[in-house]
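The values are calculated or read from the model by the stated rules, or taken from the named source; none is laboratory data. In this text the structure is predicted, and so the values were computed from the model without any measurement. All Cβ positions, even for glycine, are placed from backbone atoms using ideal geometry, and neighbour counts span all protein chains on display. Note: accessible area is taken over every heavy atom of the protein model, side chains too, but ligands, DNA and RNA are not part of it. Shrake-Rupley method; radii C 1.70, N 1.55, O 1.52, S 1.80 Å.
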Amino acid sequence: MNPLCSRCNLVVYPTEKVNCLDKYWHKGCFSCEVCKMTLNMKNYKGFEKRPYCNAHYPKSSFTCVTDTPENLRLKQQSKIQSQVLYREDFEKNKGKGFSVVADTPEMQRIKKTQDQISNVSITKTSTPFTPLVCGYQQPAAPQNYHYDPAPEPVRQAAAAPPPSAGKRYRAVYDYSAADEDEVSFMDGDVIVDVQQIDEGWMYGRVERTGQQGMLPANYVEAI
């Protein structure tokens, strides 16, 4: 017995049946709950077993926490506790004359920068001064630079495309596509890379034309 459409409550026949969200639909009835745009298996979004388009898919909302008397009391209690801990820590370290600085990554970076600045200053002060003779300046000795060109990258051979892993079927009737996501074929055509969508529809590629899309399962037979 053919099931009823979840939208119009009319009988759904195999050639026009869409099985999605645990319900059955006519292809024309499978549309967005808000704007009524016709959907397919590629662009629908389900929410509480109802189809929606991307623009009208329900968004999750967040609840704001109000400042109730109980929340204000807890906030004040936490603030008082923080002040007590701060005073205890201050009294404990009072009179020591120094404070301990943790060796954090930020402090290590600052220390390293200061060491580099000190090394640059020492290098500048220790550089000898070369006097110039009036009227003549000895040219600097030529420097030979050796340049090693970078090695050429090794090209790897392109991997062969993987073999087709889908099932093969043969058309037993002619079929003309009724929608843009379907594929047309003729009696005797071989359908390859076939994937089962539900008990009434499949997805595959017509070997003769190279076109692919959805096709009714009762129009083909397994090879």
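Chymotrypsin sites (Phe, Trp or Tyr not before Pro) within region 1-62: which are DSSP loop residues with at most 13 other Cβ atoms inside 10 Å?
Values: sites: 24, 25, 30, 44, 47, 52, 62; in loops: 30, 44, 62.
Filter output for region 1-62: 62.
Residue 222 to residue 10: FRET efficiency via 1/(1 + (r/R0)^6), r the Cβ-Cβ distance, R0 30 Å, to the nearest 0.05? Before the final figure, lay out the partial values.
Details: r = 31 Å, r/R0 = 1.04.
Efficiency, rounded to the nearest 0.05: 0.45.
If I take R0 = 22 Å and measure r between the Cβ atoms of residue 209 and residue 187 in this structure, what FRET efficiency does the formula 1/(1 + (r/R0)^6) give, to the nearest 0.05? All intermediate terms of the calculation are to be shown ahead of the outcome.
Working: r = 14 Å, r/R0 = 0.64.
Approximately 0.95, to the nearest 0.05.
Send over a whole-number figure in Å² for the accessible area per residue of region 169-222, probe 1.4 Å. All intermediate terms of the calculation are to be shown ahead of the outcome.
Details: 2830 Å² over 54 residues.
Normalised by residue count, the accessible surface of region 169-222 is 52 Å².
If you roll a 1.4 Å probe over region 169-222 with all protein chains in place, what percent of the accessible area is carbon or sulfur?
Numbers: 1140 of 2830 Å².
In region 169-222, the share of accessible area belonging to carbon and sulfur is 40 percent.
For region 169-222, what does the relative contact order come out to in percent, with C-alpha contacts under 8 Å and a separation of six or more? Mind dumping the intermediate values first?
Numbers: 115 pairs, mean separation 20.3, N = 54.
Computed over region 169-222, the figure is 38 percent.
For residue 183, list long-range residues whose amide hydrogen, built 1.01 Å from N in the peptide plane, is under 5 Å from its own amide hydrogen.
Placed amide hydrogens put 214 under 5 Å from residue 183.
In the neighborhood of residue 2, defined by Cβ-to-Cβ distances under 12 Å, what is the net charge if each Lys or Arg adds +1 and each Asp or Glu adds -1?
Numbers: positive: 17; negative: 16, 199.
Around residue 2, the surrounding residues sum to -1.
Around residue 167, which amide H atoms from residues at least 5 apart in sequence, or from another chain, sit under 5 Å from its own amide H, with H modelled in the peptide plane?
Counting only residues 5 or more places away or on other chains, the set is 193, 194.
Working with all protein chains in place, sort 33, 91 by solvent-accessible area computed with a 1.4 Å probe, largest first.
Values: 33 45, 91 95 Å².
Highest to lowest solvent-accessible surface, that is 91, 33.
Rounded, prolate or oblate: which fits region 169-222 when a ≥ b ≥ c are the square roots of the eigenvalues of the alpha-carbon gyration tensor, with rounded for a/c under 1.5 and prolate only if a/b beats b/c? Display every interim value, and only then the final one.
Numbers: a/c = 1.24, a/b = 1.08, b/c = 1.15.
Cα axes put region 169-222 in the rounded bin.
Calculate the spin-label point distance for residue 77 paired with residue 178, positioning each point 7 Å from the Cα along the beta-carbon direction, and give it in nanometres.
6.7 nm
Listed here are the pairs 59/79; 42/167; 17/42; which of them are more than 26 Å apart at the Cα?
On the way: 59/79 36 Å; 42/167 21 Å; 17/42 16 Å.
In this structure, 59/79 lie more than 26 Å apart at Cα.
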